[in-house]
Amino acid sequence: MSYTYLHYAAALLHAYGVKHVVASPGTQNAFFNLILDSDPRFTVISAVDERSAAYIAKGLSAATGELVALTCTEATASRNYLSALTECYYSHLPVVALTFYNAAGSASSLAPQFCDRSQPPRDTQIFSAQLRAPASQFELMLGLELMHQALFTAQTQHGPVHLNIPSICNWSAAADLSLPQVAPCRTITRDELSKIDWSSLQHRRTAIFIGAHARFEERVQDLIGKCAERYGLPVFCELSSGYFGANRISTALASAQLSLPDDVMPQFIIDMGGICADYFAARLFAHAQVLRLSPDGKFTCRFHRIPQFIFTLNEKEFLCRFITD
């Protein structure tokens, strides 16, 4: 079937460990509520009053230490969330507010129940995104990235997040309540490195990719080179990567080999650094699982590939562990 934002949102809530959803009834979120209530993996609590709903979610998150979701319709329904979300912000509680709107409405069209949610108060959320009704698979993919980013941020930075999602009111076009298979982006801290099967990286088609990067410490550059030589890893480098050690390959040279078959492309990519100005380097990521090194813990997905893991430790620590296991 053709899955919608609503199906993906429900699937991602489950993937990121959401068990409790506090749902307030309304037209724009009605189908989403039905999807959640039809899935036994969710405990859906109905709360007609949105202010009360937000405080119920706050209490559940405080009691369980888990992500808890809220869902409401458009108009001023979400305004009733603000006091509880403010308390979540200062209490560092991961509550996910999913507000829904009619994509056909706008302020200029004088649409009924339109409410501008693009600039929520700063201390009611640590991340907020407005999703557009997707007109293509590419736009759907961009929306899914924002969903991943919101849930990952709530989970790792411990605070409330907000997603404003276009609704579906044509129920006959979205009658299938089955959900797509999706995987979350997991964070790996220094204490969680034992979760990684290092041998699977060392004995499969693994590559290192380095975007724009500040000058490497000599020790870090040496570690990258030792990893590359020991395990035969190519190190794909953007021109401003700052890496000039063993197995260095220019991304421009690699991406020029457009005739290379998929079975020689990387299966795993250890991704570090910033932007890459070589657009065609996206082909290297086409079929790869990505392990992103992000010392600041922020969510990024180069060339729209959602990372399997984001490592929140510095490059030296990661490379030392990789080379010794």
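Numerical summary
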| read-out | value |
| --- | --- |
| Hits in the stretch 176-210 - residues which are part of a strand (DSSP E or B) and small (Gly, Ala, Ser) | ALA207 |
| Test: residue in the stretch 65-81 that is over 24 Å from SER167 (Cβ atoms) and under 23 Å from the mean Cα position of the chain (by Cα) | yes |
| Residue count for the stretch 214-233, restricted to those that are modelled with pLDDT of 95 or more and within 22 Å of PHE285 (Cβ to Cβ) | 1 |
| Given (1) at pLDDT below 90; (2) surrounded by 21 or more Cβ atoms within 10 Å (Cβ to Cβ); (3) touching an Asp or Glu at 6+ places or on another chain (Cβ under 8 Å), index of the condition MET272 fails | (1) |
| In the stretch 30-85, the residues that are surrounded by 18 or more Cβ atoms within 10 Å (Cβ to Cβ), assigned to a loop (DSSP other than H, G, I, E, B) and out of contact with any Lys or Arg (no Cβ under 9 Å at 6 or more places or on another chain) | ALA47, THR73 |
| Which numbered condition LEU142 misses (of (1) surrounded by 13 or more Cβ atoms within 10 Å (Cβ to Cβ); (2) touching a His at 6+ places or on another chain (Cβ under 9 Å); (3) free of Cβ contacts under 8 Å to residues at least 24 places away in the same chain) | (3) |
| Residue in the stretch 215-223 that is touching a strand residue (DSSP E or B) at 6+ places or on another chain (Cβ under 6 Å) and either farther than 22 Å from HIS304 by Cα or part of a loop (DSSP other than H, G, I, E, B) (or both) present | no |
| Of all residues making up the stretch 245-259, the number that are in a loop (DSSP other than H, G, I, E, B) and under 28 Å from ASP197 (Cα atoms) | 3 |
| Failed criterion for SER194 (all others in (1) over 30 Å from LEU82 (Cα atoms); (2) in contact (Cβ under 8 Å) with a residue 60 or more places away in the chain hold) | (2) |
| Of all residues making up the stretch 266-325, the number that are in a loop (DSSP other than H, G, I, E, B), under 20 Å from SER240 (Cβ atoms) and among the hydroxyl-bearing types (Ser, Thr, Tyr) | 2 |
| Selected residue [touching a residue at least 40 places away in the same chain (Cβ under 8 Å) and β-branched (Val, Ile, Thr)] from VAL48, VAL96 | VAL96 |
| Subset of the stretch 97-126 [within 27 Å of the chain's Cα centre (by Cα) and of a type in the set (A, V, I, L, M, F, W, C)] | ALA97, LEU98, PHE100, ALA103, ALA104, CYS115, ILE126 |
| Residue list for the stretch 113-128, filter: in contact (Cβ under 8 Å) with a residue 24 or more places away in the chain and surrounded by fewer than 19 Cβ atoms within 10 Å (Cβ to Cβ) | GLN113, PHE114, CYS115, ARG117, SER118, PRO121, ASP123 |
| Any hit, the stretch 89-108, residues being in contact with a Cys (Cβ under 9 Å, 6 or more places away or on another chain), part of a helix (DSSP H, G or I) and of a type outside the set (Lys, Arg) | no |
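Residue-wise test of (1) outside the structural domain of VAL235 (by TED's automatic domain parsing); (2) on the phi < 0 side of the Ramachandran plot; (3) aliphatic (A, V, I, L, M); (4) within 22 Å of the chain's Cα centre (by Cα).
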| position | (1), (2), (3), (4) |
| --- | --- |
| LEU260 | no, yes, yes, no |
| VAL264 | no, yes, yes, no |
| ASP271 | no, yes, no, yes |
| TYR279 | no, yes, no, yes |
| ALA282 | no, yes, yes, yes |
| ALA288 | no, yes, yes, yes |
| PHE303 | no, no, no, yes |
| ILE310 | no, yes, yes, yes |
| CYS320 | no, yes, no, no |
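The values are calculated or read from the model by the stated rules, or taken from the named source; none is laboratory data. Bear in mind the structure is a predicted one, so any value in this text is a computation, not a measurement. Counting neighbours? That spans all protein chains shown, and the Cβs are built from the backbone with ideal geometry, glycine included.
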